Amino acid sequence: MPAKATRRRFSAKYKARILREAAACTERGELGALLRHEGLYSSHLNAWRQQAEKGQLEALAPKKRGPEPKVVDVRDKQIAQLQRENARLGRRIQRAEAIIEVQKKVSELLGIVLPTPQEQEDET
């Protein structure tokens, strides 16, 4: 006996075959014998018949459980990558500006005169 019970899954071919065999049962007790032989419940037949009547293309195919997978667009990946890069560069700019401010304060304390950006442009 397995430690944990697992849910049985039936293929579309199997479901279609059982529905055909169940439809062919005409004698009394024949349907019950078929269900016992296959280890099925009448609720299986009812659910499969309803699905087949609805005319669903995948009515007899087993359903995957859980959330549907997201369709990933290449542009969405690129946008996310660019946003991460933008955030990273923004942090680097903040650090660089903080370092420049510290350098300015240190130069003021030491009495070193730094050229202004206008003076630097005039030199070149």
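Evaluated with a Cβ-only charge set (Lys, Arg +1; Asp, Glu -1), the chain carries a dipole of roughly 1540 debye about its Cα centre, given to the nearest 20. Structure remark: mean-square fluctuation, Gaussian network model of the chain, C-alpha springs under 10 Å; the largest value among Leu35, Leu114, Leu82 belongs to Leu114.
Add -39500 (n - 2.57) for each DSSP H run of 4 or more in the chain, then divide by its residues: what number comes out at 222 nm, to the nearest 500 deg cm²/dmol?
-21000 deg cm²/dmol
If you take the alpha carbon atoms of the chain and fit the smallest convex hull around them, that volume is 251 Å³ per residue.
For the pair Arg20 and Lys70, what calculated FRET efficiency results from E = 1/(1 + (r/R0)^6), where r is the Cβ-Cβ distance and R0 = 25 Å, to the nearest 0.05? After rounding, the FRET efficiency stands at 0.10.
With a threshold of 32 Å on the Cα-Cα distance, the over-threshold entries among Lys4/Lys54; Lys77/Lys105; Lys13/Lys70 are Lys4/Lys54; Lys77/Lys105. Across the chain, the relative contact order, built from alpha-carbon pairs under 8 Å that are at least six residues apart, equals 22 percent.
Read-outs: derived from the displayed coordinates by stated rules, not from any lab. Here the structure is a predicted model, which means the values were calculated and not measured. Because the Cβ atoms are built from the backbone with ideal geometry, glycine has one as well, and the counts that use them run over all protein chains shown.
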